[in-house]
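The values are calculated or read from the model by the stated rules, or taken from the named source; none is laboratory data. Owing to the predicted nature of the structure, the values given are computational and were not obtained by experimental measurement. Positions of Cβ are backbone-derived with ideal geometry, glycine not excepted, and every protein chain shown enters the neighbour counts. Just so you know, the surface numbers come from the protein's heavy atoms only, side chains and all, with ligands and any DNA or RNA stripped out. Shrake-Rupley method; radii C 1.70, N 1.55, O 1.52, S 1.80 Å.
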Amino acid sequence: MKKFIQKYISKGRVPFSIILSTLLFTLSGCVDNDDLDDNQGTFYSATKRTAAEIIGDDADRCSMFQAILEKANYYSLLSVYGNYTVFVPTNDAIKEFMATNNYSSLDALLADAERCDTIARTHIIKEGAYFTTDVSDGALPTMNMDDRYLVMTCDSDAENNNQLRMYVNKRSQLVEKNDSATNGVVHIIDRVITPSSNYLPDLMAEDSSISLFVEALYQTNMKDSLTKYIDDRYTVSEDSINGDIAKVRFGGRDNTVTYPRKRYFKYTAFVEPNSVFAKRGINTFDDLVAYAKKVYDATYPEDAGKYDNDFKNRKNPLNRFVSYHLIDRMGNYSDWAPSGRFLTECTVSSLADAEDFWETMCPNTMLRFCRAGTGSNAGLYANRKGVGNKYTVKGVKVLTASESGKSEQQAINGTYLYLDDILEYSTKVRDEVLSCRMRIDATTLSADFMNQGCRFNDEAGALNDRLYALKQGYIKGWKISDDTFVAVHPAELSWSSYLGNAICIKGQYDVQFKLPPVPSGTYEIRMGYVAGDERGVVQVYLNNEPCGIPVDLTYGTWNLQEIVGDIADTDDEERNTAMDKTLHNLGYMRGMDSYRKPGLNSFRQDSPEHLRRILATQKLDEGKEYWLRFRQVSKGDKEWSFDYIELCPKDVYASPDGENRH
């Protein structure tokens, strides 16, 4: 792979423009604690101290943590240019940690070099200065230096005028926050952060409020499917980890390439607390077995009664019930549907909810997640159908970390999230909720894009010259040739891609990936892409059968206008609809009107480089695998900014009312 990259990359230092943009991001996020109002946004207040100096200047509270940082060789790191978030446990917190873990003195702790290294890496986020005004409930967007997510929660202190209290991982309270530094931000906490070292099923078993679901998880043996963690086969050189290899030219700029240090297997469970089951009259394991049988016998009548006594069989109703709650990647509350500025500034919420679709560990099933509602009804929902507060199917609300009690929910290989109702793959979900145009972001098409920390939002553009690459043979659900480079570009607000991100593919590439499963029916299979002069021409195949003529990825709206004339919308709606039909007959669709770059109207109106290409109209059968293949047929190394696919059922694209533009 590294040898291949050298064929088309150019070495060089980071451009000044990138340094400047990163610096501006750091400055724009800085807040001095003395001037902070928790109800205000962040602002810059000049300071001359680095994070290391802030720690060093507060010896009465921070000297022990400084000693740990120095022992682990991280104190000097916090003295140089960067964009760090540092959680600093007080001396009292370190003393409590030593007593709990049988260290007789600070010297005894410092003699344990491995423990000091873990403590230091746990409390530092290297890429991102996060203030409490940025994230008040949920996981911070990027992992700490120990490759773990830190979760922020809050509550009110009834004894002190309901003053807001904030915590890291539900246990470490912020006693002083948002002390801005020239290279990030420092928060003081009252307890050492000690993430759980348990695997996900073991951590869930410690939470008595979800004991009924956990019993079903163990009885079905699905717990054994949640115990993988690190791929021992995976190796990568140190320069690839640190981004010291030569830069890759993509999207008109030089990009630093970073490969994951390790390949992780991680998972997420969506779980009903016992109290939710009780509202439906489910109080015992036998009650849950009966409920699952009622739902899944209706969804799969051909299997009814065949596997009732074999909980470990994948066609058993309880097994299907449990596994539909599980996904083979770790996602925090903010990850399952667009969030942050991509939700508030890019989504046209009056037209469509921001949503994503995910394959579950129940064979051949999907989950539909969206951000919906306003006021007390706002939140993340599973299997909801509607727009905003108006819905035909209410769906199941996913609770935030602060709404989910005091139990830690972050295991070493995953997390679990609470639900407010029962999640199920019913006939209503299959035939109504999932009877829709599924716009599936390319970065969700492999568990490795998320589990290796490649897919995240870079709202401020501090990392917009970074590509997170993956090695051949280590991308689940994908097959790539020797001459193919695959990387994820973090979501950037200014990009013409849906959700601001893309899979960046380069070379004389030949790429295949497995389509997510859908209910049986006839579908239009479409590809969303961003046209550009650097793009290639690809022959597309479905299960190795060619899908028409090759697709020219340099082809944009400007080319279509040469054929059909001006395609811009006018006040004549009949004319606009007729133009859409004309483009559809040519195999193209304009971008959606429900998404935009910040400050603009929509992709449909303002992003002529963003197009949808209809690849095939095909009957897809539930339970059968379908693979899309893209083979670059033009000469030389080309690039492809792969944005998303759409799987659109016939009753949507051939609806008498016409398909909406959202």
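Side notes on the structure shown:
- Within the range 45-65, the set of residues being surrounded by fewer than 20 Cβ atoms within 10 Å (Cβ to Cβ) and assigned to a helix (DSSP H, G or I) comprises GLU53, GLY56, ALA59, ASP60, ARG61, SER63.
- The test for being acidic (Asp, Glu), open to solvent by 20 Å² or more (accessible area, probe 1.4 Å) and more than 12 Å from the chain's Cα centre (by Cα) does not hold for ASP335.
- Scope the range 614-662; condition among the aliphatic types (A, V, I, L, M), open to solvent by less than 50 Å² (accessible area, probe 1.4 Å), out of contact with any helix residue (DSSP H, G or I) (no Cβ under 8 Å at 6 or more places or on another chain) and closer than 15 Å to VAL511 by Cα; matching residues: LEU628
- The range 507-556: number of residues that are in contact with a Leu (Cβ under 8 Å, 6 or more places away or on another chain), among the hydroxyl-bearing types (Ser, Thr, Tyr) and buried (at least 20 other Cβ atoms within 10 Å of the Cβ): 2
- Only residues that are part of a strand (DSSP E or B) and touching a Leu at 6+ places or on another chain (Cβ under 9 Å) were counted across the range 253-263, and they come to 4.
- Residue list for the range 635-648, filter: closer than 14 Å to LEU615 by Cα and in contact with a Gly (Cβ under 6 Å, 6 or more places away or on another chain): TYR644
- Being hydrophobic (A, V, I, L, M, F, W, C), out of contact with any Ser or Thr (no Cβ under 9 Å at 6 or more places or on another chain) and surrounded by 16 or more Cβ atoms within 10 Å (Cβ to Cβ) holds for only one residue in MET166, MET143, and it is MET143.
- Strands (runs of 3 or more DSSP E) contained in the range 377-455 and holding at least 2 residues open to solvent by 30 Å² or more (accessible area, probe 1.4 Å): 385-387, 390-393
Residues are listed down the side, and each one gets a yes or a no for (1) open to solvent by 20 Å² or more (accessible area, probe 1.4 Å); (2) among the charged types (D, E, K, R); (3) farther than 30 Å from ASP637 by Cβ:
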{"position": "ASN255", "(1), (2), (3)": "no, no, no"}
{"position": "PHE265", "(1), (2), (3)": "yes, no, yes"}
{"position": "THR268", "(1), (2), (3)": "no, no, yes"}
{"position": "ASN274", "(1), (2), (3)": "yes, no, yes"}
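- Hits in the range 208-252 - residues which are open to solvent by 60 Å² or more (accessible area, probe 1.4 Å) and either assigned to a strand (DSSP E or B) or farther than 30 Å from ASP287 by Cα (or both): LYS228, ILE230, ASP232, ARG233, THR235, GLU238, ASN242, ASP244, ARG249
- Here ALA93 passes the criteria (1) surrounded by fewer than 17 Cβ atoms within 10 Å (Cβ to Cβ); (2) modelled with pLDDT of 95 or more except the one numbered (1).
- For the range 354-367, the set of residues classified as in a loop (DSSP other than H, G, I, E, B) and either aromatic (Phe, Trp, Tyr) or open to solvent by 20 Å² or more (accessible area, probe 1.4 Å) (or both) consists of MET361, PRO363, ASN364, listed by residue number.
- Any hit, the range 177-197, residues being in a strand (DSSP E or B), β-branched (Val, Ile, Thr) and more than 26 Å from the chain's Cα centre (by Cα): yes
- Residues considered: TYR498, TYR529, TYR509. Of these, the only one that is under 29 Å from HIS584 (Cβ atoms) and within 17 Å of the chain's Cα centre (by Cα) is TYR498.
- In the range 342-358, residue farthest from PRO517 (Cα to Cα) [restricted to those that are more than 14 Å from the chain's Cα centre (by Cα) and not hydroxyl-bearing (Ser, Thr, Tyr)]: GLU345
- Residue in the range 464-471 that is within 20 Å of TRP358 (Cα to Cα) and crowded, with 23+ Cβ neighbours inside 10 Å present: no
- Residue check for TYR149: touching a Leu at 6+ places or on another chain (Cβ under 8 Å), open to solvent by 10 Å² or more (accessible area, probe 1.4 Å), at pLDDT below 95 and part of a loop (DSSP other than H, G, I, E, B): yes
- Candidate set: the range 299-347, residues that are β-branched (Val, Ile, Thr) and at pLDDT 95 or above; chosen: the one farthest from THR153 (Cα to Cα): THR299
- ASN101 being among the polar types (S, T, N, Q) and closer than 29 Å to THR415 by Cα: yes
- Filtered residues of the range 59-101 (kept if polar (S, T, N, Q) and farther than 19 Å from TYR167 by Cα): SER63, GLN66, ASN73, SER76, SER79, ASN83, THR100, ASN101
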